[in-house]
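Nothing in this text is a laboratory measurement; each read-out follows from the coordinates by a stated rule. This structure is a prediction, so every number in the text was calculated from the model and none was measured. Here the Cβ is made from the backbone with ideal geometry for all residues, glycine too, and neighbour counts use every protein chain on show.
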Amino acid sequence: MRLNELNDNPGSSRTAKRFGRGPGSGKGKTAGRGVKGQKSRSGVAIKGFEGGQMPLHMRLPKRGFNKPNRAKWAEVNVGRLQMAIDDKKIDAKKPIDAKVLVASGVIRRELDGVRLLAKGELKTKVEITVAGASAAAIAAVEKADGKVVLPKVEPKPVKEKG
């Protein structure tokens, strides 16, 4: 066997259809685009265009607001935590925090903090420090004789006018 003797499997590739290459090709002359008009030309971008009338998406009122500096949480379910403990990626006897979760591959990055959620079941006793946790997740950890540590967050001081 030599390099020049290598072939694809029969039927694995198909030659591209050549548009606008004469009547014998089956897609000659107008190349399947019909006759005349803007859509038969190249560089067409019509999407929401309504013939110069103000498009519907621009006539409707704007609503809502997306907070640009909103906190993004790295979410961890207790079931995923149990899987990592079962796979011996996390030592349940030692305290678990965001750095341990990242090192074990449970989360990719810490973002603005880790939030513990209640999907799944926890059977192992753990002590976990997270930025936030749902009430059901705290109950699930405490049911397994574990402990959830939530650090105290100091409220930002309010600036007085004057």
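Whenever a residue of the range 27-49 is more than 27 Å from residue 59 (Cβ to Cβ), its partners that are surrounded by 12 or more Cβ atoms within 10 Å (Cβ to Cβ) and basic (Lys, Arg), lying with C-beta atoms within less than 6 angstrom and at least six residues away or across chains, give the pairs 40/33.
Residues in the range 78-135 that are in contact with a strand residue (DSSP E or B) (Cβ under 8 Å, 6 or more places away or on another chain), among the small types (Gly, Ala, Ser) and under 18 Å from residue 150 (Cβ atoms): 98, 113, 118, 131, 132, 133, 134.
Residues that are within 22 Å of residue 37 (Cα to Cα) and aliphatic (A, V, I, L, M) within the range 51-66 comprise just one, 54.
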